[in-house]
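Heads up: the structure comes next, in C-alpha cells.
The values are calculated or read from the model by the stated rules, or taken from the named source; none is laboratory data. Predicted, not measured: the structure shown is a model, and the values here were computed from it. Positions of Cβ are generated from backbone atoms using ideal geometry, with glycine treated the same way; all protein chains shown enter the neighbour counts. Areas reflect the complete protein model, heavy atoms only, side chains present, ligands, DNA and RNA absent. Shrake-Rupley method; radii C 1.70, N 1.55, O 1.52, S 1.80 Å.
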Amino acid sequence: MMPAQAFPPDDENERRRAELQDSLARFLEENYSKILSFLLRQCFDPHLAQDALHEALIVTMDKWEAVSACDKPLYWVRRTAWHKLLSLHERQNGRSLVPLEPDEVAEPTSAYEAEMVLRYTLSQLPFRQRAVLALMVEGDTDEQIAMQLGLAVTTVCTYKSEVRRKYRELFRSGADEGTPA
Amino acid sequence: MNLDELLALAAQDAPTPLEHARARRAVRRVAEDHGRRLREGPEIISDVDLPDPVGGDGGEATRIGRAAQLRKRGSIIWDAGTGRLDWSDETSRIFGLAPVEAQKSMIRLVSLIHAADRTAVCRRLRSAWRHRSAVEFTCRITMRDGSAAYVEVLVEILTDRHRRPTGIIATGHDVTTACKRRQDDERRALRDGSVQKDLAEVDAETGLLSRRAFADEVGRALRTGTGTLLVVSAPPYIRRSSDVDSGHDDRLGAAAAKVLRDVVDSDPCGLLGRYEFGVLMPYTTLESATAKAEMVVGQLRSTRFLAGCPRLDAFGGLVHYDYRLPSESIELLLDAETAWRRAKHEDRPLHVLRQPPSAEDRREICRAGIRSAVEQNRFALYAQPLRDLELNRTTRHEILLRVLDDVGRPIPPTTFLHLAEHVDEILAVDKWVINHALRLIGEGAQTSHYQINVSGRSLADPLLLEHLRAAVERFRVNPEHLTVEITETAAIGNLTVARRFADGVRELGCQLALDDFGTGNTPLGFLTKLPVDLVKIDGSFIQGLPDSEPLQAVVQGLVQICRKLGILTAAEYVQDDATLDLLRAYGVDFAQGFHVGEPEQLVADRPRTRSIELELYPAARYRERRAI
C-alpha cells in the first residue's frame with residue numbers, strides 16, 4: 001500500500017473525529033444538566049449522582065461513535081448512568097440515604113416548589129418506581145421508560161399506577177385539588 | 001394539584017447559567033479523565049450495554065435478560081405459549097448449580113425455593129400473572145448443599161407488540177448479606193429499646209444511692225486506695241409512731257438528705273436505712289474527713305423545723321479504711337454504723353475509728369447484736385394477703401418479719417437479715433420465725449394458706465428441718481396449708497443439701513416456694529432441680545409492668561415455663577389494676593402487693609382479712625424499700 005494513498009482516508013478520519021467531538025460537545029451542552037437532575041431525583045446525594053454521571057460520560061466519550069449512531073443517544077447515556085448509579089449505590093452497601101423531611105406542602109406555584117414536592121414524593125418510593133417517576137418528568141412514554149430501565153412495559157404501567165396512588169396518599173390532605181387522572 | 005400538573009410544572013425548571021457553567025466544568029473534567037485513562041490502558045473496561053436501547057433487536061425478554069446480566073442479576077424466563085422454562089447461568093450460580101444443568105423445569109424451580117416460602121411465592125406469581133402486574137419480593141432458596149440464601153426477585157409480565165401477555169420473566173440476586181444485616185439492625189434496635197438505660201439505683205424520695213449501690217461504691221473505693229466512710233444517723237428528736245403512716249418520715253428523709261448533700265458536695269451519698277445516711281470520702285486523710293464530718297453533723301443538728309420536725313438528733317460514725325487492710329464493704333458499713341451508735345451511747349456528736357476493728361471483734365459485735373435481738377424478741381410478724389387471681393379473692397398470706405427499732409417501731413428487716421447472713425446467725429432468726437409464726441397460725445382458725453420465709457443459707461443446717469417438723473406437730477398446724485419460701489436463694493451453696501431439705505419439706509406435706517425469682521442469683525436450673533411448687537416473680541419485673549414491653553415479655557415467658565413444669569406463680573409488688581389485669585391474662589396464679597392488701601400485724605387471733613385497699617397509703621414505700 002502506498003503511503004501517499006493513506007492521506008485521504010486519514011484526512012477523512014480527522015474530519016470524522018472532529019465532527020464526532022463537535023456532536024459530543026453539543027450533546028453534553030444540551031443534556032448534562034438534564035441527566036444530572038434525573039440522577040439527583042434518584043438518590044438525593046449529589047456526590048453519588050455526579051460520580052455516576054462522570055463514570056457514564058467517560059464511557060460515552062469512549063464509545064461516542066457507536067452511541068451517537070443510536071436513535072436516541074440521550075436514552076443510552078441515561079440508561080448507562082442509571083446502571084452506574086445503582087452499582088455505586090450497591091457498593092455503598094446499600095446504605096439507605098437520608099429521606100427528606102416532609103416540608104410544609106402548600107400548592108406549589110413555581111418550578112422550584114414543584115421540584116421540592118416531587119423530590120419528597122420520590123423519596124417515599126422504592127428505587128425502580130423512583131426511576132419511573134423521574135422519567136415521567138421527562139415526558140417519556142411507557143415503552144421509552146421500559147427500554148431505558150430494562151423493565152417490561154407492563155411493569156412500567158404497574159409502577160406508574162403505584163406512583164400515582166402513592167402521590168395521592170401523600171397529598172390527599174392537600175385539600176381542594178381534583179383527583180389525578 | 002395532581003401529579004401530571006406537578007410534573008409539568010417541575011419540567012419547566014430550566015438550568016441556570018450557574019448550572020451551565022458547572023456542567024461545562026464537569027464535562028472538561030470528564031474529558032481529562034477520559035484522556036488519562038486512554039493513556040493508561042488501551043481499553044476502557046466497563047459494564048455497559050452497547051446496543052441502542054430504542055432500536056433494540058429481539059423481544060422484551062432478550063432486552064430484560066441482557067440488562068439483568070449486566071447488573072449481575074440472574075433471570076428466569078417462562079414462556080406461556082410453549083410452557084418452557086429457562087434460566088441464565090447467573091441464576092444457576094445463585095442456586096449453586098452447575099451452569100449446564102440439564103433439567104430446567106417448573107417443578108425443579110419450585111423445589112429449589114425454601115419450603116417455608118414456597119406457597120407464598122407461588123401465590124404471588126399467580127396473582128402477578130392474573131393481574132398482569134409486576135411484583136417484587138424477597139424469598140429464601142435452598143441451595144444444592146442444603147444451605148439457604150435470601151434472594152430478591154422482580155417478577156415481570158412479558159407482552160408482545162399488541163400488549164398480549166406472552167410469559168413471565170423473573171430477575172433477581174442474592175441478598176443474604178444485606179438481609180442478615182437488616183435483621184441484625186432490627187434486632188439491635190429492639191434490644192436497645194428493651195434494655196434498661198442505666199443501672200443507677202437512686203432512691204426516689206431522697207435522690208441518694210440505694211444501700212446496695214452505695215455498698216458497691218464503698219467496695220470499689222476499698223480496693224483502690226485509702227479514705228474515710230461516714231455514716232450519720234439523723235432521727236427526729238421526738239418520734240411518733242404515726243410518722244410512718246403519714247408519710248412524714250419520707251418527707252423528713254428527703255429534707256435531711258438535701259441538707260446533707262449541700263454540705264458534702266460531690267462525694268457519693270447513700271440512704272442506708274431510716275434516718276441513716278452514708279457519705280464516702282475517698283482519698284481523704286482522717287483529719288480533713290473529721291472536720292467535714294463534724295460540719296455535717298453540726299449542720300444537721302442546727303437545722304430547725306425541717307419538714308415539720310423541730311429538731312434533728314444527729315450522730316456520726318467515721319471509719320478510716322485502707323486497701324492494705326482487707327475488709328468488705330458490708331463490714332465497713334457495719335463498722336461505721338457501730339461507730340455512730342457508740343457516739344450516741346457516749347452522747348458525743350462523732351465517734352472516729354482510726355482503724356477498722358479486727359474481723360473477729362467485728363463478727364462478735366455483730367453476732368451479739370443479732371442474738372440479743374432474738375432473745376429480746378425484738379421482732380414482729382406481719383401477714384400480707386395474696387390474691388388468687390382466678391377466684392379473685394385472698395386465699396393465702398405471706399408471713400413477713402419486721403425488726404423493731406430502739407423505740408419499738410417496726411422496720412423492714414433487709415439490712416438486719418443481710419447482716420445476719422453475713423455473720424452466719426440467720427439460723428437463729430429463721431428458727432424464731434418458724435416458732436412464732438407457727439404458734440400464731442396454730443392458735444388461729446387456719447382458714448388461709450400461709451407462707452413463711454426461710455433463708456437459703458439456713459437450708460444447709462440439718463437441724464432446721466427437724467425444727468420445722470417439731471413446730472408443725474407441736475402447734476398443730478395443717479402442713480398442707482403451709483408453704484416454705486426460700487429467700488436469698490443466692491445463698492444456696494450446696495444443691496444436694498438444699499434438695500434434701502426440699503424433699504423433707506414436701507414429705508411433711510408442706511409446699512416449697514422460691515422467693516424473688518429472676519433477680520440476684522437464681523438459676524433457671526433450680527426449677528428442674530428443686531421440687532418447687534410456687535415461684536414468686538421478683539417485684540422488679542412487676543413494677544411498671546403495664547408500660548414496659550420488655551418486662552411483659554419476661555413475665556410472660558417465666559409464667560409459660562412454670563405452667564409447663566406444673567409450678568404455680570405469684571407476682572409481688574402489684575400496684576394497680578392494669579398490672580392485675582395483665583397478670584391475670586398471663587395466667588399468673590397469685591398477686592401480692594399494696595394494691596392487693598397491706599401487711600397487718602399477726603396477732604393471736606387470725607389475721608383479719610380486710611377488703612381490698614384501693615387507696616395507697618404512703619406506708620407502701622416500706623415494702624418498696626425492701627427491694628433496695
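Observations on the model:
- Screening A:SER68 on (1) more than 13 Å from the chain's Cα centre (by Cα); (2) within 8 Å of another protein chain (Cβ to nearest Cβ) shows it passes everything except condition (2).
- Failed criterion for B:LEU208 (all others in (1) outside the structural domain of B:LEU280 (by TED's automatic domain parsing); (2) in contact with a strand residue (DSSP E or B) (Cβ under 8 Å, 6 or more places away or on another chain) hold): (1)
- Any hit, the range B:577-586, residues being in a strand (DSSP E or B), among the aliphatic types (A, V, I, L, M), open to solvent by less than 60 Å² (accessible area, probe 1.4 Å) and under 18 Å from B:PRO385 (Cα atoms): no
- Residue in the range A:34-45 that is buried (at least 17 other Cβ atoms within 10 Å of the Cβ), within 13 Å of another protein chain (Cβ to nearest Cβ) and not hydrophobic (A, V, I, L, M, F, W, C) present: yes
- Qualifying positions in the range B:483-507 - touching a strand residue (DSSP E or B) at 6+ places or on another chain (Cβ under 7 Å), assigned to a helix (DSSP H, G or I) and either open to solvent by less than 20 Å² (accessible area, probe 1.4 Å) or not assigned by TED's automatic domain parsing to the domain that holds B:VAL433 (or both): B:THR489, B:ALA502, B:VAL505
- Some residue of the range B:508-521 being part of a helix (DSSP H, G or I), of a type outside the set (A, V, I, L, M, F, W, C) and surrounded by 14 or more Cβ atoms within 10 Å (Cβ to Cβ): no
- Conditions (1) loosely packed, with under 11 Cβ neighbours inside 10 Å; (2) touching a helix residue (DSSP H, G or I) at 6+ places or on another chain (Cβ under 6 Å); (3) hydrophobic (A, V, I, L, M, F, W, C): number failed by B:ILE238: (2)
- Hits in the range B:361-384 - residues which are over 30 Å from B:GLY593 (Cβ atoms), modelled with pLDDT of 85 or more and surrounded by 16 or more Cβ atoms within 10 Å (Cβ to Cβ): B:ARG367
- Listed here are the strands (runs of 3 or more DSSP E) enclosed by the range B:284-345 that have at least 2 residues being open to solvent by less than 30 Å² (accessible area, probe 1.4 Å) and touching a residue at least 24 places away in the same chain (Cβ under 8 Å): B:315-321.
- Count of the range B:385-409 residues, restricted to those that are of a type outside the set (A, V, I, L, M, F, W, C) and modelled with pLDDT of 90 or more, is 11.
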